[in-house]
1. What longest range of chain C stays clear of loop-exposed GluC sites (Glu not before Pro) (DSSP non-H/G/I/E/B, at most 16 other C-beta within 10 angstrom)?
2. When Cβ neighbours within 10 Å are restricted to other protein chains, what is their mean count per residue of peptide C:17-23?
3. Based on the alpha-carbon gyration tensor of chain C and its eigenvalue square roots a ≥ b ≥ c, which shape applies: rounded if a/c is under 1.5, prolate if not and a/b is larger than b/c, or oblate?
4. Modelling each spin label as a point 7 Å along the Cα-to-Cβ direction, I'd like the residue B:108/residue C:40 distance in nm, to one decimal.
5. Would you be so kind as to identify which of B:105, B:52, B:75 lies farthest towards the positive end of the dipole of chain B, taking Lys and Arg as +1 and Asp and Glu as -1 on Cβ and the Cα centre as origin?
6. Just want the answer: with Cβ charges of +1 for Lys and Arg and -1 for Asp and Glu, which residue in C:86, C:10, C:74 is farthest toward the dipole's positive end in chain C?
7. Indicate the gyration tensor shape class of the protein assembly as shown (rounded, prolate or oblate), computed on the Cα atoms with a ≥ b ≥ c the square roots of the eigenvalues: a/c under 1.5 is rounded; otherwise a/b larger than b/c is prolate and the rest oblate.
8. Sort out the exposed loop GluC sites (Glu not before Pro) in chain A (DSSP loop, at most 16 other Cβ within 10 Å) and tell me the longest stretch that has none.
Amino acid sequence: MSEGSVEFAILITASPLQSGGETAFQFIQSVLKKGHKIRQIFFYQDGVYHGSRLIHTENPILITRWQMLAKEYGLPLVLCSASAARRGIMGQNQANYFEKDTDNLAENFCIASLSQWFEAVSLAERVMVFGDVL
Amino acid sequence: MKTSNGNLLFIVKHFKGLAQIRESFDIVLAASSLGFNVSLLFIDDGVFQLACPKEGDLSALLTALPFYDVQKIYVAKESLEERRLKPQDLILSVTCLLPNEMTKLFLDHNLVF
Amino acid sequence: MLHIIRDSFSESARLKNCLAVYAPQDVLLLIENGVFCALSATESGSQLEDLANKQQVFILTPHALERGILDRLIDEIQLIDFLGFVDLVVEQYPVLQW
């Protein structure tokens, strides 16, 4: 039984330090290997930590591999604006708006509201969530 | 299969304090304001969320849900009973569901969070 | 429908809740700490045996391997990798994450 290519929208609430974060990354890699498409990857609540430029872990590949995947496949990596602000992750626009003296958004990530996520939800054929929402 | 007619179900499984629940409910309110039909199901310790004191910010947040068009509130009957709670102990009017009714609830929704 | 269990039977009531609402044509996938639910000779393992015999229970091999339980699982459980995980989601959608 072969299935045609389907389009996914993925919500990640698990941080890089939780197992859900790792599961999400490997799932996404496999989605792409199987020839399916990804409309959007939206990071919400603690998931926004994946988009911080300042995270340092023992495994340096952990942070850069999102960028590698994004560059290779043109993946939209979107952080929830409210969740990111609450956790001190900001791009230049947010930093200026909130009058902070620096920004720390990782390359290849962007920041948008939940309406962006729901637009992806209404257009995608498969929606997957990694981590708890409520 | 596209999520085009927009029935979303959010399941609340834990009790959360005010700071956490404010953020969690962002997504519920956003979905409702964007025109999705939103239902909430409270199970396990999530039912305690509805048994919070009637005064206070937590209660105010939850009782405001119907004003955001989130009116379909469901509770797992077994979860209530296990915790010695009754529907009249809760701050919102709810529909109690048995397991087979929850199965139907999941099938009636395009997406379950 | 595809049910995904991420927590062990000792961490939460998720397996119990899942089995209460499980419909005959559904399938179950165990990932992360959920793989512990399929340990043989345990209560949760025996709860899953009926479903496993009907080829309806799947387990994510890398997560079972990471937890050292690959050779201690109930019979008839189906081992899949991440590529198989993707196939399950595509074919058995919608998904319910417990």
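1. Between exposed loop sites, the widest span is C:12-75.
2. Mean inter-chain Cβ contacts per residue within 10 Å come to 5.
3. Judged from the Cα gyration tensor, chain C comes out rounded (a/c under 1.5).
4. About 4.3 nm, to one decimal.
5. Checking the options against the dipole of chain B, the answer is B:105.
6. Most positive-ward Cα: C:10.
7. Taking the square roots of the gyration eigenvalues as a ≥ b ≥ c, the protein assembly as shown is oblate.
8. Between exposed loop sites, the widest span is A:4-57.
Only the coordinates and a few stated rules stand behind these numbers; no lab work does. Keep in mind it's a predicted model, so treat the numbers as computed, not measured. Heads up, the Cβs are rebuilt from the backbone with ideal geometry, glycines too, and the neighbour counts pull from every protein chain shown.
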